[in-house]
Amino acid sequence: MNNVPPLDLARQYKLIGEDVSAAVLGVLASGRYIGGSHVETFEQQFGAYVGVSNCVGCNSGTDALYLALRALEIGSGDEVITTPFTFIATAEVITAVGATPVFVDIDAQTFNLDINKLEAAITNKTKAILPVHLFGQPVDMSAVMGIAQSHGLAVIEDCAQATGAQWGSSRVGSIGHIGCFSFFPTKNLGACGDGGAITTNDPAIAAKVRMLREHGMKARYYHEETGINSRLDAVQAAILQIKLRHLDTWNAQRSSVAKRYQELLGLVPGIVTPQETVGGRSVWNQYTIRIPTNYVPTQEPGKEGDGKQSTSLPVTYRDQVRSKLQQLGVSSMVYYPLPLHLQPVYKHLGYQPGSLPVSEQACYEVLALPMFPEISVVEQEQVVYGLKDCL
Ligand SMILES: *Cc1c(COP(=O)(O)O)cnc(C)c1O
């Protein structure tokens, strides 16, 4: 039997390779490599896709989040509420602008921010809520916007894993004040390198991001603020234009893959499968199951018994299943092994093991199965039958 990879971008390239190569060669021949019509056209097309009046490209999803916080003038002394169960970039940018991340626990079912715990985390320093549509599953944006409005807070959506996902009839990235997207190759709309964008219906925010992404400059060589260099490359914009045409098809294929996993895994006892939130439509960037473990928050992850800092985490039942599965040729992934509130980098914030128990338990239990639009039925069966053998 062949190995099943967690994802396989080469298969996608086979399908669209000719168009992509032609687009890249077109940019190379044009002599216009920074800015220009490829970037502008992509910004228009992507804004229209998301359903907003403004889109500004930038160098990565991380920069999109950073620029969003800067555009809202969030900085030193401010607090931003977010989830501890996400990629580090989400919180890293809050720290980078000088503000403090305030972590709120997640919902066990969706892995997203627990809406019922949001309000208690709001203080007079809170400036924004930064929900993450994790694994492609939209956050309950009606609830988030309701709470934000009643407290006068901004909402920045981290849409890095959820391009195309919907809450009600709206695409994510069009509901909060700013949407932040990543075009990292493994995301639903991935470039052939780094890339990102912000989306907004507020032209003033868009103008400010445009200024900040280009050294804080409006008129050439006159600098109004300390900015950065964060542009979307013309080559990547040309590639993204082509891939955007296929995005809905690929997302629909991911949805079929998820449905098939759901059917096949129904026969496997002892695991918990992901469910789509009522009112939302996931785009399945990941298909993440849980392998239940008895979690006792005693030992601080990242610490040995003697108190020395270590990078080793306790081995859970999930880890044992994962290595057995690997021996059967099935590659799975763990997103994420350690929640952000217990990361060494956030030690100074003073969170203890047990302070956000739902996130901590998720870190012990989650296993992301191979998920990409082109995965075959035979491969999915290999994953599921393999898993059955390992449990
Ligand atoms: C990938 C990712 C980012 C960062 O995007 P980059 O383009 O890699 O900088 C931010 N947030 C989440 C949730 C992500 O998955």
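Read-outs: derived from the displayed coordinates by stated rules, not from any lab. Here the structure is a predicted model, which means the values were calculated and not measured. Virtual Cβ from ideal backbone geometry, glycine too; neighbours counted across all protein chains shown.
The table for this structure:
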item: Reachable aspartates and glutamates from Lys187, criterion Cα separation under 18 angstrom, eight or more residues apart if same chain; result: Asp8, Glu43, Asp63, Glu157, Asp158, Asp233, Asp248, Glu374
item: Surrounding net charge for Ser30, when Lys and Arg each add one and Asp and Glu each subtract one, Cβ distance under 14 Å; result: -1
item: Alpha carbon centroid spacing (whole Å) that separates the stretch 128-176 from the stretch 329-378; result: 21 Å
item: Size descriptor, Kirkwood hydrodynamic radius, that averages inverse alpha-carbon separations across the stretch 247-390, Å; result: 16.7 Å
item: Pairs of lysines in the stretch 247-390 (C-alpha under 28 Å apart; 8 or more residues apart or interchain); result: 6
item: Ranked Cys159, Cys192, criterion: other C-beta atoms within 10 Å, fewest first; result: Cys192, Cys159
item: Long-range amide H partners of Thr163 with built H, under 5 Å; result: Asn188, Leu189
item: Lysines whose Cα lies under 21 Å from that of Lys127, excluding same-chain neighbours fewer than 8 positions away; result: Lys117, Lys208
item: Between the stretch 282-298 and the stretch 38-104, the alpha-carbon center distance in angstrom; result: 26 Å
item: Using distinct alpha-carbon pairs, which all enter the 1/r mean, Kirkwood radius of the stretch 1-76 in Å; result: 15.8 Å
item: Counting all C-alpha pairs of the stretch 9-244, share separated by more than 31 Å (%); result: 21 percent
item: Within the chain, percent of DSSP bridges classed antiparallel, to nearest 5; result: 60 percent
item: Hits among lysines - C-alpha to C-alpha of Lys14 under 17 Å, sequence gap 8 or more where chains match; result: Lys243
item: Backbone HN-Hα couplings from phi across the stretch 44-61 [Karplus 6.51/-1.76/1.60, Hz, Gly and Pro as x]; result: 5, 5, 6, x, 5, 4, 6, x, 10, 8, 9, 9, 10, x, 8, 7, 6, x
item: Longest site-free stretch - the chain; sites: chymotrypsin sites (Phe, Trp or Tyr not before Pro), DSSP loop, at most 11 other Cβ within 10 Å; result: 1-220
item: Among Thr186, Thr123, Thr62, residue whose mean-square fluctuation peaks in a GNM of the chain (springs only between Cα atoms under 10 Å); result: Thr123
item: Exposure proxy order (Cβ contacts within 10 Å, fewest to most) of Met1, Met141, Met211, Met217; result: Met1, Met217, Met211, Met141
item: Mean projected area (nm²) of the alpha-carbon convex hull when the stretch 325-385 is viewed from all directions; result: 5.7 nm²
item: Fewest-first sequence of Leu240, Leu313 by Cβ atoms within 10 Å of each Cβ; result: Leu313, Leu240
item: Table column - 3J(HN,Hα) (Hz), the stretch 108-120, Karplus curve with 6.51, -1.76, 1.60, x for Gly and Pro; result: 4, 7, 9, 6, 9, 2, 7, 4, 5, 9, 5, 4, 5
item: Whole-number percent relative contact order across the chain, with pairs defined as alpha carbons under 8 Å at least 6 apart; result: 21 percent
item: Length released on extending from Glu381 to Asp19, taking residue separation times 0.36 nm less the Cα-Cα span; result: 127.1 nm
item: Karplus-derived HN-Hα couplings along the stretch 75-82 (A = 6.51, B = -1.76, C = 1.60, θ = phi - 60°), whole Hz, x at Gly and Pro; result: x, 3, x, 8, 10, 10, 8, 8
